[in-house]
1. Can you go through ILE32, ILE39 and tell me which one is of a type in the set (A, V, I, L, M) and either assigned to a helix (DSSP H, G or I) or under 13 Å from the mean Cα position of the chain (by Cα) (or both)?
2. Specify which of the listed residues (PHE81, PHE60, PHE86, PHE90) is in contact (Cβ under 8 Å) with a residue 12 or more places away in the chain, in contact with a Leu (Cβ under 8 Å, 6 or more places away or on another chain) and surrounded by 12 or more Cβ atoms within 10 Å (Cβ to Cβ).
3. Any residue at all in region 22-29 that's more than 16 Å from LEU94 (Cα to Cα) and among the small types (Gly, Ala, Ser)?
4. Would you please name the residue that is nearest to SER93 (Cα to Cα), looking only at residues in region 1-15 that are surrounded by fewer than 17 Cβ atoms within 10 Å (Cβ to Cβ) and in contact (Cβ under 8 Å) with a residue 24 or more places away in the chain?
5. If ILE3 passes every condition in (1) among the β-branched types (Val, Ile, Thr); (2) assigned to a helix (DSSP H, G or I); (3) over 19 Å from LEU98 (Cα atoms) but one, which one does it miss?
6. At pLDDT 90 or above and either farther than 29 Å from ALA99 by Cα or in contact with a Pro (Cβ under 7 Å, 6 or more places away or on another chain) (or both): does that describe SER79?
7. So is LYS70 exposed (fewer than 15 other Cβ atoms within 10 Å of the Cβ), more than 9 Å from the chain's Cα centre (by Cα) and assigned to a helix (DSSP H, G or I) or not?
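The values are calculated or read from the model by the stated rules, or taken from the named source; none is laboratory data. Treat the numbers as computed from the prediction; the structure is a model and nothing was measured. Note that each Cβ is placed from the backbone with ideal geometry, even for glycine, and that neighbours are counted across all protein chains shown.
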Amino acid sequence: MTIENPMKLDYALALKRALTGAGIALLLLAGILLKVGEIESWVYIPIITTSIGGAGGGVFYYLIRDFFFKGHKYTKLISVFCGFCFLVIFWLSLVFALAQVGLWD
C-alpha cells in the first residue's frame with residue numbers, strides 16, 4: 001500500500017509567479033537607480049541579485065497563497081502578508097547586492 005500526496009505542485013504557475021516577482025523587483029530597482037542618476041558597471045550585480053530575490057519572493061507567494069492556503073477564506077490577508085514578505089526579501093537581496101559592491105556599510 002502506497003501513500004499518495006494529494007498536493008501537487010503546478011510548475012507553470014510557480015514559474016509565472018517567479019517571473020512576475022523578478023519583474024516587480026526589476027521595476028523597483030529601476031526606480032531606485034533612476035533616482036541615483038548615473039548607471040555604471042557596478043549596477044549589474046544588484047540587478048542580478050535583486051532579480052533572484054524577486055523570483056524567490058514570487059515562489060514564496062506561490063507556495064503560501066496558491067499551494068498551502070488554496071481556497072482559504074482569508075485570501076486577501078494572505079496576499080497582503082505575502083506582499084510584505086516579498087518586500088522584505090527584495091530589501092534583503094538589495095542590501096546583499098549593495099554590500100557586495102561596497103556601497104552598503
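1. ILE32
2. None of the others qualify; the one that does is PHE90.
3. no
4. The residue in question is LEU13.
5. Unmet condition: (2).
6. Taking the combined requirement at face value, the residue satisfies it.
7. The answer is no for LYS70.
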